[in-house]
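Participant: Take a look at this one; I'll ask things after.
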């Protein structure tokens, strides 16, 4: 693997972030969940099993091996870390599929099965046409986007992908109030088909006739799937036009445009099979088929089981946290590598965060929230929970920004230095609580607020070992300062249904809980800040966006609303600095570590030529596991290891 410095990889992201700050039109793709707010995230979703056995019928035009549980190893690319629990459905309109590899509409949309007009590349900040034919264009007033559909683009049933499919997809989202429709209707007025190949996206306008949020309008093009009109009409007829039934339909008959479709799924694995008639082998796109015939994901019980399989060569691409990953090649001599050859081994982009339930007793007090946050031993989290696969808070002081130079340059560090903390400040936390009159009055070792003991439960999903280790450190900090914090690790299938329901109070056991943040993207850090603290997500029945603790601050909301229309770099820096001040003062949540956009560890026992830093690919292929955004280009570069 090339030994170029980590700084080069970060610089590529910096360029994309600077484009975003300047309001560049072409690459303006937004954060993880803005235009696809309640679609499935990169992390796994609901693991509820389907009521009926999952159909294992293979799509037409593919050749079925004798046993779907014994796939040809030299034709199969195995994954871990994306699918946790059995697949529920295949419905691209729904957010309850738990079909993590096939359905994830996000900054870098997952496109092995369903496709977007454009693919975003986190390494160079550009958008590349997929279903679209060439670049999109804004009109002079920046109120409408126009793009065309590739003539070669076809559905899995052999019919052409058209502008009507794009327009009808939008109309369906609006008609049935899908999560995608609900999260975009305030920014997009309409999407229309001018002719069979030409699409016009019309922005929602403010009172001055300007686009309400041009960033989110352009973002729709790379984060949301195009779904076949004819199949959608079949779905509508099947559910009798009922919106609830439409979203609940498992869509076993779904038509798709991507290179892979459903082959097999049960509670042990999910397998996708290549459509050898895939339109993308046309010269206007990839010019060939992706190398693996099958993409398979065994459902492991936890990270430890996934790591064991990776070591044994049973996993080729690992999107999970592998503790002390460097030992796999340095100590064990295995043909395993990461995108970056040295620590932190991946491109730091997202901020796993502990959210406070602001309705829990005592957590409405800033003194309590801050005391817990500054007492946490972050160096231990980074050294142990992350095994140094994260920058430290000494290296990158906490704010609302990720560790890349581009985002770090967008706020005034000196203006907020007195608000930042590096952690393990037990004396400072104790003094803070004492000054607020939150003391132990009955001598049992625990502090009380207004006569009631401060006792909390800190929660994260079971099996997510790095998160669990981090939450244990949070609990330990509480005990050091006289606040009783215990831990709880429910299964993800339970956890996600609780945390993402923002129209009701969080139940007992969710006083402090971990969730992710946005990663790198051309609208960042705006999108991440929006998702961390915007009150627009409070009260949502299905909230995959953020602000899960339901924080509300009108001043923060006003700044978040103003930033997308601002192009002056100096004014943007002032606005971002003020948002950092608000966040570090109110502390509605606190970041525990910096984390890669995706973990991307590969075993080259069977397949080789995976993306890595300095591999010479042009455009560069990002380390997003060959499934997300431009990362899917890596599937076309793979070759088998010579035996």
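The values are calculated or read from the model by the stated rules, or taken from the named source; none is laboratory data. None of the values given here were measured: they were computed from a predicted structure. With ideal geometry, Cβ positions are generated from the backbone for all residues, glycine too; neighbour counts draw on all protein chains shown.
Participant: Return the residues of the stretch 434-456 that are over 32 Å from the mean Cα position of the chain (by Cα) and not in a loop (DSSP other than H, G, I, E, B); say none if nothing qualifies.
Facilitator: Filtering the stretch 434-456 for residues over 32 Å from the mean Cα position of the chain (by Cα) gives 434-454.
Residues satisfying the conditions are 434, 435, 448, 449, 452, 453.
Participant: A further question on this structure: Hey, any hits in the stretch 227-239 for a residue that's modelled with pLDDT of 95 or more, part of a loop (DSSP other than H, G, I, E, B), touching a helix residue (DSSP H, G or I) at 6+ places or on another chain (Cβ under 6 Å) and under 23 Å from residue 102 (Cβ atoms)?
Facilitator: Looking only at the stretch 227-239, we keep the residues that are modelled with pLDDT of 95 or more, and these are 227-239.
Add one more test, that the residue is part of a loop (DSSP other than H, G, I, E, B), and what stays is 227-228.
Filter once more, so that each one left must be touching a helix residue (DSSP H, G or I) at 6+ places or on another chain (Cβ under 6 Å): 227-228.
Of the ones still in play, those that are also under 23 Å from residue 102 (Cβ atoms) are 227-228.
Checking the stretch 227-239: at least one residue is modelled with pLDDT of 95 or more, part of a loop (DSSP other than H, G, I, E, B), touching a helix residue (DSSP H, G or I) at 6+ places or on another chain (Cβ under 6 Å) and under 23 Å from residue 102 (Cβ atoms).
Participant: Follow-up question, since we're still on this one. Scanning for something at pLDDT below 95, in contact with a strand residue (DSSP E or B) (Cβ under 7 Å, 6 or more places away or on another chain) and assigned to a loop (DSSP other than H, G, I, E, B), does the stretch 114-123 turn up at least one residue?
Facilitator: yes
Participant: A follow-up question, please. So residue 485 ticks every box in (1) in contact (Cβ under 8 Å) with a residue 60 or more places away in the chain; (2) touching a helix residue (DSSP H, G or I) at 6+ places or on another chain (Cβ under 7 Å); (3) outside any strand (DSSP E or B) but one. Which box is left unticked?
Facilitator: (3)
Participant: So, of the residues in the stretch 186-200 that are closer than 20 Å to residue 215 by Cβ and touching a strand residue (DSSP E or B) at 6+ places or on another chain (Cβ under 9 Å), which turns out to be surrounded by the fewest Cβ atoms within 10 Å (Cβ to Cβ)?
Facilitator: Step one: filter the stretch 186-200 for residues closer than 20 Å to residue 215 by Cβ, giving 186-191, 199-200.
Of the ones still in play, those that are also touching a strand residue (DSSP E or B) at 6+ places or on another chain (Cβ under 9 Å) are 187-191, 199-200.
On the way: 187: 21, 188: 23, 189: 17, 190: 15, 191: 22, 199: 27, 200: 17.
This residue is 190.
Participant: Still on this structure: Given the conditions (1) loosely packed, with under 15 Cβ neighbours inside 10 Å; (2) outside any loop (DSSP other than H, G, I, E, B); (3) in contact with a helix residue (DSSP H, G or I) (Cβ under 8 Å, 6 or more places away or on another chain), which single one is not true for residue 328?
Facilitator: Every condition holds for residue 328 apart from (1).
Participant: If you don't mind, there's one more thing I want to ask. Going residue by residue through the stretch 176-185, is there one that turns out to be touching a residue at least 24 places away in the same chain (Cβ under 8 Å) and either farther than 22 Å from residue 95 by Cβ or in contact with a strand residue (DSSP E or B) (Cβ under 7 Å, 6 or more places away or on another chain) (or both)?
Facilitator: No, the conditions are met nowhere in the stretch 176-185.
Participant: Taking the options 396, 422, name whichever one is modelled with pLDDT under 95, outside the structural domain of residue 125 (by TED's automatic domain parsing), closer than 23 Å to residue 588 by Cβ and within 27 Å of the chain's Cα centre (by Cα).
Facilitator: Numbers: 422 fails: modelled with pLDDT under 95.
The match here is 396.
Participant: Would you pick out the residues in the stretch 600-620 that are within 24 Å of the chain's Cα centre (by Cα) and more than 28 Å from residue 643 (Cβ to Cβ)?
Facilitator: 619, 620
Participant: Inspect the stretch 502-517 for any residue being farther than 25 Å from residue 366 by Cβ and at pLDDT below 95 and give the result as yes or no.
Facilitator: Of the stretch 502-517, the ones farther than 25 Å from residue 366 by Cβ are 503.
Of the ones still in play, those that are also at pLDDT below 95 are 503.
Yes.
Participant: While we're looking at this one, here's another question. Of the numbered conditions (1) at pLDDT 95 or above; (2) over 25 Å from residue 406 (Cβ atoms), residue 589 satisfies every one except a single condition; which is it?
Facilitator: The single condition residue 589 does not satisfy is (2).
Participant: Only one of (1) touching a helix residue (DSSP H, G or I) at 6+ places or on another chain (Cβ under 6 Å); (2) at negative phi; (3) outside any helix (DSSP H, G or I); (4) in contact (Cβ under 8 Å) with a residue 60 or more places away in the chain is not met by residue 371, so which one is it?
Facilitator: For residue 371, the exception is condition (3).
Participant: Residue check: is residue 535 in contact with a strand residue (DSSP E or B) (Cβ under 8 Å, 6 or more places away or on another chain), surrounded by fewer than 20 Cβ atoms within 10 Å (Cβ to Cβ) and modelled with pLDDT of 95 or more? Can you show your working first?
Facilitator: Details: in contact with a strand residue (DSSP E or B) (Cβ under 8 Å, 6 or more places away or on another chain): no; surrounded by fewer than 20 Cβ atoms within 10 Å (Cβ to Cβ): yes; modelled with pLDDT of 95 or more: yes.
Answer is no for this residue.
Participant: Got a number for residues in the stretch 426-458 being touching a residue at least 60 places away in the same chain (Cβ under 8 Å) and either surrounded by 14 or more Cβ atoms within 10 Å (Cβ to Cβ) or closer than 10 Å to residue 362 by Cβ (or both)?
Facilitator: Within the stretch 426-458, the subset touching a residue at least 60 places away in the same chain (Cβ under 8 Å) is 432-433, 435-436, 438, 449, 452, 454, 456, 458.
Still in the running and either surrounded by 14 or more Cβ atoms within 10 Å (Cβ to Cβ) or closer than 10 Å to residue 362 by Cβ (or both): 432-433, 436, 438, 449, 452, 454, 456, 458.
Total meeting the criteria: 9.
Participant: Can you name every residue in the stretch 457-471 that is farther than 16 Å from residue 80 by Cβ, within 24 Å of the chain's Cα centre (by Cα) and not in a loop (DSSP other than H, G, I, E, B)? So that I can check it myself, show each step before the final result.
Facilitator: Restricting attention to the stretch 457-471, the residues satisfying the condition of being farther than 16 Å from residue 80 by Cβ are 457-460, 462, 467-471.
Filter again for within 24 Å of the chain's Cα centre (by Cα), leaving 458-460, 462, 467-471.
Residues satisfying the conditions are 458, 459, 467, 468, 469, 470, 471.
Participant: Follow-up. In the set 599, 610, which member is farther than 22 Å from residue 518 by Cα and in a loop (DSSP other than H, G, I, E, B)?
Facilitator: Numbers: 599 fails: farther than 22 Å from residue 518 by Cα.
The unique qualifying residue is 610.
Participant: Could you count how many residues in the stretch 353-362 are part of a loop (DSSP other than H, G, I, E, B) and in contact with a helix residue (DSSP H, G or I) (Cβ under 7 Å, 6 or more places away or on another chain)? Lay out the reasoning, then the answer.
Facilitator: In the first step, residues of the stretch 353-362 are kept if they are part of a loop (DSSP other than H, G, I, E, B); the result is 357-362.
Among the residues that remain, those that are also in contact with a helix residue (DSSP H, G or I) (Cβ under 7 Å, 6 or more places away or on another chain) are: 362.
Final tally of qualifying residues: 1.
Participant: Further question: Among (1) crowded, with 17+ Cβ neighbours inside 10 Å; (2) out of contact with any helix residue (DSSP H, G or I) (no Cβ under 6 Å at 6 or more places or on another chain); (3) at pLDDT below 95; (4) in a loop (DSSP other than H, G, I, E, B), which single condition is residue 343 missing?
Facilitator: Among (1) crowded, with 17+ Cβ neighbours inside 10 Å; (2) out of contact with any helix residue (DSSP H, G or I) (no Cβ under 6 Å at 6 or more places or on another chain); (3) at pLDDT below 95; (4) in a loop (DSSP other than H, G, I, E, B), the lone unmet condition for residue 343 is (1).
Participant: Filter the stretch 550-573 for residues that are in a helix (DSSP H, G or I) and in contact (Cβ under 8 Å) with a residue 24 or more places away in the chain and give the result.
Facilitator: Across the stretch 550-573, the qualifying residues are 555, 556, 560, 563, 564, 565, 569, 572, 573.
Participant: Also, I was wondering about something else. Just a yes or no: is a residue in the stretch 254-262 part of a loop (DSSP other than H, G, I, E, B), touching a residue at least 60 places away in the same chain (Cβ under 8 Å), within 30 Å of residue 530 (Cα to Cα) and under 25 Å from the mean Cα position of the chain (by Cα)? Explain how you work it out, then say what you get.
Facilitator: Step one: list which residues in the stretch 254-262 are part of a loop (DSSP other than H, G, I, E, B), which gives 254-259.
Now drop any that are not touching a residue at least 60 places away in the same chain (Cβ under 8 Å), which leaves 254-259.
Restricting the remaining residues to those that are within 30 Å of residue 530 (Cα to Cα) gives none.
Taking every residue of the stretch 254-262 in turn, none turns out to be part of a loop (DSSP other than H, G, I, E, B), touching a residue at least 60 places away in the same chain (Cβ under 8 Å), within 30 Å of residue 530 (Cα to Cα) and under 25 Å from the mean Cα position of the chain (by Cα).
Participant: Turning to a different aspect of this structure: Please go through the stretch 512-532 and give me each residue that is in a loop (DSSP other than H, G, I, E, B), buried (at least 24 other Cβ atoms within 10 Å of the Cβ) and in contact with a strand residue (DSSP E or B) (Cβ under 9 Å, 6 or more places away or on another chain), ordered by number. Give the derivation first.
Facilitator: Going residue by residue through the stretch 512-532, those that are in a loop (DSSP other than H, G, I, E, B) are 516-525.
Within this subset, residues satisfying the condition of being buried (at least 24 other Cβ atoms within 10 Å of the Cβ) are 517-525.
Passing the criteria: 517, 518, 519, 520, 521, 522, 524.
Participant: Still on this structure, I have one more. I need the full set of residues from the stretch 294-315 which are in a loop (DSSP other than H, G, I, E, B) and either within 26 Å of the chain's Cα centre (by Cα) or free of Cβ contacts under 8 Å to residues at least 40 places away in the same chain (or both), in order please. Give the derivation first.
Facilitator: As a first pass, look at the stretch 294-315 and keep what is in a loop (DSSP other than H, G, I, E, B): 299-302, 312-315.
Within the stretch 294-315, 299, 300, 301, 302, 312, 314, 315 meet the criteria.
Participant: Still on this model: Yes or no: residue 222 assigned to a helix (DSSP H, G or I), under 17 Å from residue 633 (Cα atoms), in the same structural domain as residue 205 (by TED's automatic domain parsing) and in contact (Cβ under 8 Å) with a residue 40 or more places away in the chain? Can you show your working first?
Facilitator: On the way: assigned to a helix (DSSP H, G or I): yes; under 17 Å from residue 633 (Cα atoms): yes; in the same structural domain as residue 205 (by TED's automatic domain parsing): yes; in contact (Cβ under 8 Å) with a residue 40 or more places away in the chain: yes.
Considered against the rule, which asks whether it is assigned to a helix (DSSP H, G or I), under 17 Å from residue 633 (Cα atoms), in the same structural domain as residue 205 (by TED's automatic domain parsing) and in contact (Cβ under 8 Å) with a residue 40 or more places away in the chain, residue 222 comes out as yes.
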